[in-house]
Amino acid sequence: MGNKLVCPECGSKNIVFDRARGEWVCRDCGYVFDEPAVDSGPEWRAFDSDQMEARARTGAPMKETKIGKGLTTIIDMHNRDTRGSQLAQSTKAQMFRLRKWHKRTTVSSSTERNLSVALTEIKRIGSYLNLPDGIIEEAAAMYRKAVDKGLIRGRLIEAVVAAVIYAVCRIYGIPRTLDEISEASGLSKKDIGRTYRFIVNELGIKVPLTNPVYYVPKFASALGLSGEVQEEAIRILQKAIEKGLLSGRGPTGVAAAAVYIAALLKGERRTQKEVAEVAGVTEVTIRNRYRELKKELNIPVNA
């Protein structure tokens, strides 16, 4: 609405809404408009969460991690009528049977049963990996797309779940390695990787290359290194990216080597074995990436 208004005093279109006063104001000359502001909020007030829940007339938001996306109704377990009185024993038994059949009909088809298992597994792995709710929702949405396209047939539900979680983590730059996904799901990296490539290709998803910088705070924190070491490691990686040294190399190995070098430069030495255990790579990988970075970037450091 503010973009459509023009100040009659100076002709400016730089109009903003002052929420405290409920007025439209010209930022350039301070002219106050007489147009009434529409309050888009509720007409009631609430002073705590219980009041807000009791007075709200809308339901919870849609959730990809729920079978009916959170739009289905359920019969609660309170066993009380509209006046708050306890139900009679015969009515309680009837409500128990209704609940049982309601649950059965909710997951009646094979697709719904598949989703029931998969969405539970997505939430479990997401919780294990400490992923944000938004990432878990995106993984559930991607799994639903795979189901709609018939990509699940003949494949382990757990493998597809692990693959979509790994894909979403890479898309949104969440530093979770294939080793961590494998540990959380109980599947081999080979199975997850194969399913991941299939799902990404079939859904036409463009997954960006993982930036090794994302792993630096995680590795440094696990090793108890300071912020100066993190900054130095990021500078090393940025120089490596500019020189094109990351082509064909695993981002976790390069990030681990950069952290190792930065720790040496800042006097917070950690062994290659310690860094390798945190990064989930071998000491040989650390050693090779260390030599490459040291040589190509002319870093004056000795292990």
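The listed residues are ILE171, ILE152, ILE157, and the only one of them that is in contact with a Pro (Cβ under 8 Å, 6 or more places away or on another chain) and outside the structural domain of LYS218 (by TED's automatic domain parsing) turns out to be ILE171.
Number of residues in segment 177-193 that are more than 18 Å from ALA279 (Cα to Cα) and free of Cβ contacts under 8 Å to residues at least 40 places away in the same chain: the value is 6. Restricting attention to segment 61-70 and to residues that are of a type outside the set (Ser, Thr, Tyr) and touching a Lys or Arg at 6+ places or on another chain (Cβ under 9 Å), the residue that is modelled with the lowest pLDDT turns out to be GLY70.
Name every residue in segment 206-224 that is crowded, with 17+ Cβ neighbours inside 10 Å and among the aliphatic types (A, V, I, L, M), in order of residue number. If the condition is that a residue be crowded, with 17+ Cβ neighbours inside 10 Å and among the aliphatic types (A, V, I, L, M), then VAL213, VAL216, ALA220, LEU223 are the ones that fit.
Checking the structure you have, find out if any residue of segment 9-24 is surrounded by 12 or more Cβ atoms within 10 Å (Cβ to Cβ) and at pLDDT below 75. Taking every residue of segment 9-24 in turn, none turns out to be surrounded by 12 or more Cβ atoms within 10 Å (Cβ to Cβ) and at pLDDT below 75. Among residues of segment 227-239 that are assigned by TED's automatic domain parsing to the domain that holds VAL254 and modelled with pLDDT of 90 or more, those with a Cβ under 7 angstrom from a residue that is surrounded by 19 or more Cβ atoms within 10 Å (Cβ to Cβ) and not hydrophobic (A, V, I, L, M, F, W, C), sequence gap 6+ or separate chain, pair up as LEU237/PRO212.
Just name the residue that is modelled with the highest pLDDT out of those in segment 78-127 that are in a loop (DSSP other than H, G, I, E, B) and under 30 Å from TYR166 (Cβ atoms). My answer is SER109. Taking PRO42 as the residue in question, decide whether it is assigned to a loop (DSSP other than H, G, I, E, B), modelled with pLDDT under 80 and surrounded by 11 or more Cβ atoms within 10 Å (Cβ to Cβ). Here the answer is yes, as PRO42 does meet what is asked.
Residues of segment 47-74 that are more than 19 Å from THR120 (Cα to Cα) and surrounded by 13 or more Cβ atoms within 10 Å (Cβ to Cβ): MET52 alone.
Restricting GLY173, GLY186 to those that are within 17 Å of the chain's Cα centre (by Cα), exposed (fewer than 14 other Cβ atoms within 10 Å of the Cβ) and under 26 Å from VAL281 (Cα atoms) reduces the list to GLY173.
The values are calculated or read from the model by the stated rules, or taken from the named source; none is laboratory data. What you are looking at is a predicted structure, and each value in this text was computed from that prediction instead of being measured. Counting neighbours? That spans all protein chains shown, and the Cβs are built from the backbone with ideal geometry, glycine included.
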